[in-house]
Amino acid sequence: MIKNLQIRLNCDKRGKITTGIKTDKGYPKATDYFVVDDFPEIVAEYGKQPKKIIIAFPVNDILSLFDSNYVLYGNQTKIRQCDGEKCIHRIDEEVSGVKYKAGEESECVCESLEDDDKKRCRAIMYLKAWILKKDGSLLSPNIYLFQSGSENSASNIYGELEKVRFLNSEILQHIPFGLSVEMVGSKDEAKKKFPIWSLQAIPRYQLGAGKHYELPEKSVQNKTTEQNSLSDKIIDSINALKKTMNILEFNRIDDMITTVEELDKRKFYIKHFETKLKELGSDYNIESLQF
């Protein structure tokens with residue numbers, strides 16, 4: 001196993017979810033809804049022009065989920081990328097009379113350019129996420145790529161991710177979030193409006209699904225009677241625990257949890273077991289494999 005492998009989340013190849021379209025004449029036009037025309041399963045759940053979509057993240061690492069930079073494109077080629085301090089020139093170019101070589105790194109060249117200069121980099125943000133149904137269950141196992149050209153949207157989303165991660169012990173995985181968009185007027189010109197994205201964590205009790213997701217098309221009929229029976233027995237056994245019970249009863253539950261094959265379910269039972277032990281004030285040490 002290669003050490004320090006980076007997490008790489010492969011996204012649905014059908015396209016990106018944005019808040020912009022091209023007019024019949026080919027001009028870009030901002031929208032106050034998410035453009036999901038390439039994804040019939042999203043249209044079926046949220047309609048053709050959704051203003052809010054419920055999402056969740058498959059990992060906890062923000063850098064694997066979120067990216068924001070200043071970039072400059074020309075003829076579908078990325079010419080330059082910038083973080084606001086340093087520019088990486090990806091092709092030979094000349095800016096304000098200064099020549100740069102492909103692969104060269106320089107101080108940010110955008111600061112010397114006017115806002116409307118065509119050689120100035122523009123903000124771009126990417127967000128990778130699952131999409132959930134309205135009841136909180138998983139819409140598809142595919143990871144979707146969201147793209148926005150708004151620096152304000154990037155700040156909103158990054159701020160919410162950092163806030164929730166801080167409040168939730170570094171965990172973002174499986175938490176439902178509402179991703180929404182609305183048109184906001186420019187601070188300089190009220191008539192100019194831009195789509196601004198917002199992200200907000202949603203308490204799971206506000207949704208209809210259970211805490212853990214099941215993949216689409218995975219119905220109860222596909223599960224064996226033994227699995228269902230085992231699940232019921234584990235929950236019933238944990239709920240029935242009392243502090244006065246023999247240690248063998250705690251060990252019996254431990255052994256039952258170990259036989260659960262599905263990783264998410266095993267985590268759930270361990271957590272439920274831990275909660276019950278705290279309620280009882282028991283110092284029993286759970287032996288089930290912790291993930």
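The values are calculated or read from the model by the stated rules, or taken from the named source; none is laboratory data. Keep in mind that this is a model prediction, so the values were computed, not measured. Every residue, glycine among them, receives a Cβ derived from its backbone with ideal geometry; neighbour counts consider all protein chains shown.
Can you tell me which condition GLU114 does not meet? The list is (1) more than 21 Å from GLU160 (Cα to Cα); (2) outside the structural domain of GLN147 (by TED's automatic domain parsing), and all the others hold.
(2)
Scan region 133-162 for residues that are touching an Asp or Glu at 6+ places or on another chain (Cβ under 9 Å), part of a strand (DSSP E or B) and not hydroxyl-bearing (Ser, Thr, Tyr) and jot them down.
LEU138, LEU145
Identify all residues within region 159-193 that are of a type in the set (Phe, Trp, Tyr) and either in contact with a strand residue (DSSP E or B) (Cβ under 6 Å, 6 or more places away or on another chain) or modelled with pLDDT under 85 (or both); write none if there are none.
Listed by number, the list holds a single entry, PHE177.
Restricting attention to region 261-270, which residues are exposed (fewer than 12 other Cβ atoms within 10 Å of the Cβ) and either modelled with pLDDT of 85 or more or assigned to a helix (DSSP H, G or I) (or both)?
The answer is LEU263, and nothing else.
Would you be able to say whether some residue in region 177-184 is under 26 Å from VAL36 (Cβ atoms), in the same structural domain as GLY149 (by TED's automatic domain parsing), charged (D, E, K, R) and out of contact with any helix residue (DSSP H, G or I) (no Cβ under 6 Å at 6 or more places or on another chain)?
Yes: one or more hits.
How do the pairs read when you match residues in region 199-210 that are on the phi < 0 side of the Ramachandran plot and modelled with pLDDT under 65 with residues anywhere that are surrounded by 16 or more Cβ atoms within 10 Å (Cβ to Cβ) and of a type outside the set (A, V, I, L, M), using Cβ under 7 Å and keeping only pairs 6 or more apart or on different chains?
From region 199-210, the pairs are GLY208/GLY136; ALA209/GLY136; ALA209/SER137.
For region 1-47, name all the residues that are more than 23 Å from ILE202 (Cβ to Cβ) and either touching a Phe, Trp or Tyr at 6+ places or on another chain (Cβ under 9 Å) or among the basic types (Lys, Arg) (or both).
Of everything in region 1-47, those that are more than 23 Å from ILE202 (Cβ to Cβ) and either touching a Phe, Trp or Tyr at 6+ places or on another chain (Cβ under 9 Å) or among the basic types (Lys, Arg) (or both) turn out to be LYS3, ARG8, LYS13, ARG14, GLY15, LYS16, LYS22, LYS25, LYS29, ALA30.
Being modelled with pLDDT under 90, more than 15 Å from ILE202 (Cα to Cα) and surrounded by fewer than 18 Cβ atoms within 10 Å (Cβ to Cβ) narrows it down to one of ASP83, ASP135, so name that one.
Result of the check over ASP83, ASP135: ASP83.
Starting from region 46-67, keep only residues that are touching a residue at least 60 places away in the same chain (Cβ under 8 Å), then list their pairs with residues that are basic (Lys, Arg) and assigned to a strand (DSSP E or B) whose Cβ atoms are within a distance under 6 Å, requiring at least 6 positions of separation or different chains.
LEU65/LYS128
Quick test of your reading of the structure: VAL36 fulfils all but one of (1) under 23 Å from TRP197 (Cα atoms); (2) not assigned by TED's automatic domain parsing to the domain that holds SER137. Name the failing condition by number.
Tallying (1) under 23 Å from TRP197 (Cα atoms); (2) not assigned by TED's automatic domain parsing to the domain that holds SER137, VAL36 fails exactly one: (2).
Among the candidates ILE171, ILE124, ILE88, single out the residue that is within 30 Å of PHE39 (Cα to Cα) and either in contact with a Lys or Arg (Cβ under 8 Å, 6 or more places away or on another chain) or among the hydroxyl-bearing types (Ser, Thr, Tyr) (or both).
ILE171
Could you check region 163-200 and list, in sequence order, the residues that are surrounded by fewer than 13 Cβ atoms within 10 Å (Cβ to Cβ), in a loop (DSSP other than H, G, I, E, B) and not aliphatic (A, V, I, L, M)?
SER169, GLU170, SER186, LYS187, ASP188, GLU189, LYS191, LYS192
For ASP24, indicate whether it is exposed (fewer than 15 other Cβ atoms within 10 Å of the Cβ), farther than 27 Å from PRO176 by Cα and under 23 Å from the mean Cα position of the chain (by Cα).
No: the conditions fail for ASP24.
Since ASP116 meets every condition but one in (1) at positive phi; (2) free of Cβ contacts under 8 Å to residues at least 12 places away in the same chain, which condition does it not meet?
Status for ASP116: all satisfied but (1).
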